[in-house]
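The values are calculated or read from the model by the stated rules, or taken from the named source; none is laboratory data. Everything quoted here is computed from the prediction, not taken from an experiment. No Cβ is skipped: glycine too gets one built from the backbone with ideal geometry, and neighbour counts run over all protein chains shown.
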Amino acid sequence: MGCRQMNELALLYEQAKKAGLNTRLIMEQGLDTNEIKNIIKLHEELNNIFEQEEHLLDLYNENQSEEIKKQLKELSEEVKQIEFKLQKNWHFEQDEKYHTYWYQQPACSCPKLDNMDRFGFEYKVYSRDCILHGKE
Ligand SMILES: [Zn+2]
């Protein structure tokens, strides 16, 4: 590996750390630079979606609009797709059982600890009145 590539990689690891990624796991998984860049970008997308959701959630709390609810559910679907892409780039199996961002979404009111406990299990715990995952 040349000196320039080493510098690029060091810079990328710095970015990854700032994005809150586990750099040790990056090494253990043997991720290449493209995969690391993808993961950083996917985390930015997640942050953007979460911000949009917060905004929409405020609006929804004001007027319970079905249209806003629909938009929130669409964002939730995007979160799911991002989770699959993250798994792919991390060299993990693309499996919904191991998704953890869906219940961290601002618009989700499902129980977080219960779902953390069910990491890797088929059955999740949904809150009946969750805008995204509830019955209505
Ligand atoms: Zn929920």
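Assorted remarks:
- Among the residues of region 96-109, those identified as near the ligand (Cβ under 10 Å from one of its atoms), part of a loop (DSSP other than H, G, I, E, B) and under 18 Å from residue 82 (Cβ atoms) are 105, 107, 108.
- The set of residues in region 125-136 being more than 9 Å from the ligand (Cβ to nearest atom) and of a type in the set (A, V, I, L, M) consists of 125 alone.
- Every listed requirement among (1) more than 20 Å from residue 119 (Cβ to Cβ); (2) surrounded by 12 or more Cβ atoms within 10 Å (Cβ to Cβ) is met by residue 43 save one, (1).
- Annotation note: of 101, 123, the sole residue that is of a type in the set (Ser, Thr, Tyr) and at pLDDT below 95 is 123.
- Qualifying positions in region 58-90 - of a type in the set (A, V, I, L, M, F, W, C) and either within 14 Å of residue 104 (Cα to Cα) or free of Cβ contacts under 8 Å to residues at least 60 places away in the same chain (or both): 59, 68, 72, 75, 79, 82, 84, 86
- Residues (at pLDDT below 95 and part of a helix (DSSP H, G or I)) located in region 30-42: 33
- Residues considered: 93, 122. Of these, the only one that is free of Cβ contacts under 8 Å to residues at least 24 places away in the same chain, away from the ligand (no atom under 11 Å from the Cβ) and surrounded by fewer than 12 Cβ atoms within 10 Å (Cβ to Cβ) is 93.
- Residue pairs meeting the criteria (Cβ under 6 Å; at least 6 apart or on separate chains; first under 20 Å from residue 13 (Cβ atoms), in region 31-57; second assigned to a loop (DSSP other than H, G, I, E, B) and not charged (D, E, K, R)): 40/19; 43/19
- Evaluation of residue 113 against (1) under 21 Å from residue 128 (Cβ atoms); (2) exposed (fewer than 15 other Cβ atoms within 10 Å of the Cβ); (3) touching a helix residue (DSSP H, G or I) at 6+ places or on another chain (Cβ under 7 Å) (one fails), failing number: (3)
- Condition met for residue 72 (modelled with pLDDT of 95 or more, farther than 30 Å from residue 12 by Cβ and surrounded by 13 or more Cβ atoms within 10 Å (Cβ to Cβ)): yes
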